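The values are calculated or read from the model by the stated rules, or taken from the named source; none is laboratory data. Just so we're clear, the structure is a prediction, and the values are computed from it rather than from any experiment. Neighbour counts run over all protein chains shown; Cβ positions are idealised from the backbone, glycine included.
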Amino acid sequence: MELSLYERMRNRLIKTKDNFKEKIENVMYMGSFDDDFFDELEETLILSDLGALTATKITEALRAKIKETRSKSKEEVMGFLKEILIEMVQVEPVEKQYPTIMLVVGVNGVGKTTTIAKLASRYKKEGKKVIIAAADTFRAAAAEQLDEWAQRVGVDIVKSTTGADPSSVVYDAIGAAKARNADILICDTAGRLHNKVNLMKELEKISRIINREGSGFTIHNLMVLDATTGQNAINQAKVFHDCVDISGIVLTKLDGTAKGGIAIALIDELQIPIEYVGIGEKSEDLIDFDPKKFVDLLFE
Ligand SMILES: Nc1nc2c(ncn2[C@@H]2O[C@H](COP(=O)(O)OP(=O)(O)OP(=O)(O)O)[C@@H](O)[C@H]2O)c(=O)[nH]1
Ligand SMILES: [Mg+2]
């Protein structure tokens, strides 16, 4: 029997000797809740990819809670920790409205194009009219890769030649989306390093065109981040967010790491919702991210 996607994520995150709950339990069983305990806890959180800033915040919140309740029970303290994490991941979700234009951005190789295929496949199954735009005109193979996905998934694609201005592809695609009454236009972009100023300027221009031409559409800028890059994902997102207003995150390759902490750190530091999680290379390997369920899973 095929495992559900959720089960697959669950197995990847909890069925490893590296798992979050076990690591935290090891700290809990140190004995009393003294400074050594909090230091150890903080370090464990950092090792689980929660990042120094978020780890300190969590540890301090737990310290305050223990002081307030004078609790000495390990089970209770574990419960407090879970509550703190759940509280932390509550951010306003994105409201889905159609028609919509999604601009998909991120550094090289994080899984933008694959995510677009997954999104297109999902929305098509929901009965939506989907168009994808091949605005990665940088690599010769990029439009081909997207074209293949478009055929496989069965959605329209708007593309141009290699080297063309990506903004013009997006401009044409918006025209096509209007003419064909599309519900969703998803725009692929070239991977770019966040410290390459000219490439970030190019992205700004694409975003400007969408804002200018996309009247009548909700505009949704999606940042794709690779879960296996750890804390670096936070820096990437910050720089991209300064350039285009990121409204949602897709965290890919969660199947490639047993450290789920990065999801919590991202939400805490950016206050942007994670909307989807990628757990494989196939078009169905995309999960709607439910923050509360995710924290529950870490404590299973
Ligand atoms: N295991 C796993 N692999 C993934 C996932 N998402 C994408 N990949 C793989 O990551 C590699 C890069 O994916 P792409 O979708 O081409 O990434 P991209 O961001 O479009 O790359 P550029 O356009 O070159 O910047 C491919 O081999 C994908 O199959 C995921 O959730 N899990
Ligand atoms: Mg790509």
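Leu50 passes all but one of (1) over 22 Å from Lys259 (Cβ atoms); (2) touching a helix residue (DSSP H, G or I) at 6+ places or on another chain (Cβ under 7 Å); (3) of a type outside the set (Phe, Trp, Tyr); (4) at pLDDT below 95; which number fails?
Unmet for Leu50, out of (1) over 22 Å from Lys259 (Cβ atoms); (2) touching a helix residue (DSSP H, G or I) at 6+ places or on another chain (Cβ under 7 Å); (3) of a type outside the set (Phe, Trp, Tyr); (4) at pLDDT below 95: (1).
Going by what's in this entry, would Glu275 be described as out of contact with any strand residue (DSSP E or B) (no Cβ under 6 Å at 6 or more places or on another chain) and outside the structural domain of Leu146 (by TED's automatic domain parsing)? So that I can check it myself, show each step before the final result.
Working: out of contact with any strand residue (DSSP E or B) (no Cβ under 6 Å at 6 or more places or on another chain): no; outside the structural domain of Leu146 (by TED's automatic domain parsing): yes.
In short, no.
Can you say whether Gly111 is within 16 Å of ligand 2 (Cβ to nearest atom), of a type outside the set (Lys, Arg) and at pLDDT 95 or above, as far as the supplied structure shows?
Details: within 16 Å of ligand 2 (Cβ to nearest atom): yes; of a type outside the set (Lys, Arg): yes; at pLDDT 95 or above: yes.
Here the answer is yes, as Gly111 does meet what is asked.
Please pick out the residue among Ile267, Ile246 that is away from ligand 1 (no atom under 13 Å from the Cβ), in a loop (DSSP other than H, G, I, E, B) and at pLDDT 95 or above.
Values: Ile267 fails: in a loop (DSSP other than H, G, I, E, B).
Unique residue meeting the criteria: Ile246.
Go through (1) away from ligand 1 (no atom under 13 Å from the Cβ); (2) touching a residue at least 12 places away in the same chain (Cβ under 8 Å) for Tyr276 and report which single condition fails.
Checking Tyr276 against (1) away from ligand 1 (no atom under 13 Å from the Cβ); (2) touching a residue at least 12 places away in the same chain (Cβ under 8 Å), the one that fails is (1).
Please find, among Arg139, Arg122, the residue that is within 16 Å of ligand 1 (Cβ to nearest atom), surrounded by fewer than 24 Cβ atoms within 10 Å (Cβ to Cβ), more than 29 Å from Ile267 (Cα to Cα) and basic (Lys, Arg).
Working: Arg122 fails: more than 29 Å from Ile267 (Cα to Cα).
Of Arg139, Arg122, the one residue that is within 16 Å of ligand 1 (Cβ to nearest atom), surrounded by fewer than 24 Cβ atoms within 10 Å (Cβ to Cβ), more than 29 Å from Ile267 (Cα to Cα) and basic (Lys, Arg) is Arg139.
Test of understanding: among Asp183, Asp188, which residue is among the acidic types (Asp, Glu), buried (at least 23 other Cβ atoms within 10 Å of the Cβ) and either touching a His at 6+ places or on another chain (Cβ under 9 Å) or touching a residue at least 40 places away in the same chain (Cβ under 8 Å) (or both)? Step through it out loud before you land on a result.
Working: Asp183 fails: buried (at least 23 other Cβ atoms within 10 Å of the Cβ).
One residue alone meets the criteria, Asp188.
I need every pair where a residue in segment 136-156 that is among the aromatic types (Phe, Trp, Tyr) has its Cβ under 6 Å from the Cβ of a residue that is in a helix (DSSP H, G or I), sequence separation at least 6 or different chains.
If the second residue must be in a helix (DSSP H, G or I), the pairs left are Trp149/Ala117.
Looking at (1) away from ligand 1 (no atom under 16 Å from the Cβ); (2) of a type outside the set (S, T, N, Q); (3) within 30 Å of Lys259 (Cβ to Cβ), find the lone condition where Val158 falls short.
Looking at each condition in turn, Val158 falls short on (3).
Which condition number in (1) of a type in the set (Phe, Trp, Tyr); (2) within 14 Å of ligand 1 (Cβ to nearest atom); (3) at pLDDT 95 or above is the one that Tyr171 fails?
Evaluating Tyr171 over (1) of a type in the set (Phe, Trp, Tyr); (2) within 14 Å of ligand 1 (Cβ to nearest atom); (3) at pLDDT 95 or above leaves (2) as the failure.
Just checking, which of Ala64, Ala55 is at pLDDT 95 or above, more than 19 Å from the chain's Cα centre (by Cα), surrounded by 22 or more Cβ atoms within 10 Å (Cβ to Cβ) and away from ligand 2 (no atom under 16 Å from the Cβ)?
Details: Ala64 fails: surrounded by 22 or more Cβ atoms within 10 Å (Cβ to Cβ).
Within the list Ala64, Ala55, the selection yields Ala55.
Look at segment 249-262 and say how many of its residues are in contact (Cβ under 8 Å) with a residue 60 or more places away in the chain and in a helix (DSSP H, G or I). Break it down stepwise before answering.
Filtering segment 249-262 down to residues in contact (Cβ under 8 Å) with a residue 60 or more places away in the chain leaves 250, 252-255, 257-262.
Of the ones still in play, those that are also in a helix (DSSP H, G or I) are 254-255, 261-262.
The qualifying residues number 4.
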